[in-house]
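Structure record follows, encoded as structure tokens.
The values are calculated or read from the model by the stated rules, or taken from the named source; none is laboratory data. Here the structure is a predicted model, which means the values were calculated and not measured. We place every Cβ from the backbone using ideal geometry, glycine too, and count neighbours over all the protein chains shown. The accessibility values were calculated without ligands, DNA or RNA, using every heavy atom of the protein model including side chains. Shrake-Rupley method; radii C 1.70, N 1.55, O 1.52, S 1.80 Å.
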Amino acid sequence: MTRRGFVIFAHWATGFLLAVLLIEGPSASVWLTAGFAALSGLWFTIYALGRGPLGKPGPKSTGVLRPVHRFQHHILCFAMAAASVASMTALEDNITGRAMAVLLLLGLLHGIIHLWRHTAFFDGALHTIMPKFLHGIL
């Protein structure tokens, strides 16, 4: 699997696991929590070794939008690592729930920004994170 393929898989799998963990709450099974932590840890490692996000800001992103692109990816990746650590440690349930809720909100904001870029700039921002079979409907 290529790095791009893994990033696409990790985006969607992490979002799915996060939603399931938030629905299940403290009664979530160990394999689900471990899967989320393992995927998040692997994604964080690849992110750190690759020195940042896979994609770059689009050519139509100018001014303050260019550094914001990298900064929001850094924040999102560290929030994912924090939620992963919180889910695997013996922290109180309300701390873990808050960390995951913050991660969910940041992830939704991340998706909204990409949707906005895709529709306002027509720079294909959604093509970079969607599987190829969905490119025809974008």
Next on the checklist: Anything in the range 2-15 that is modelled with pLDDT of 75 or more and surrounded by fewer than 12 Cβ atoms within 10 Å (Cβ to Cβ)? List them, or say none.
Outcome noted: 2, 5
Checklist entry - Just to be sure, is residue 25 at pLDDT below 85, touching an Asp or Glu at 6+ places or on another chain (Cβ under 8 Å) and outside any loop (DSSP other than H, G, I, E, B)? => result yes
Checklist entry - Which residue pairs have Cβ atoms under 7 Å apart, sit 6 or more places apart or on different chains, and have a first residue in the range 102-127 that is touching a residue at least 12 places away in the same chain (Cβ under 8 Å) and surrounded by 12 or more Cβ atoms within 10 Å (Cβ to Cβ) and a second that is assigned to a helix (DSSP H, G or I) and among the charged types (D, E, K, R)? => result 123/117; 125/117
Checklist entry - Residues of the range 62-96 being of a type in the set (Gly, Ala, Ser) and open to solvent by less than 30 Å² (accessible area, probe 1.4 Å), which ones? => result 79, 81, 83, 84, 86, 87
Checklist entry - Taking the range 116-138 as the region of interest, how many residues are of a type in the set (Val, Ile, Thr) and in a helix (DSSP H, G or I)? => result 2
Checklist entry - Any idea which residue in the range 28-43 is farthest from the chain's Cα centre (by Cα), counting only those that are buried (at least 17 other Cβ atoms within 10 Å of the Cβ) and in a helix (DSSP H, G or I)? => result 33
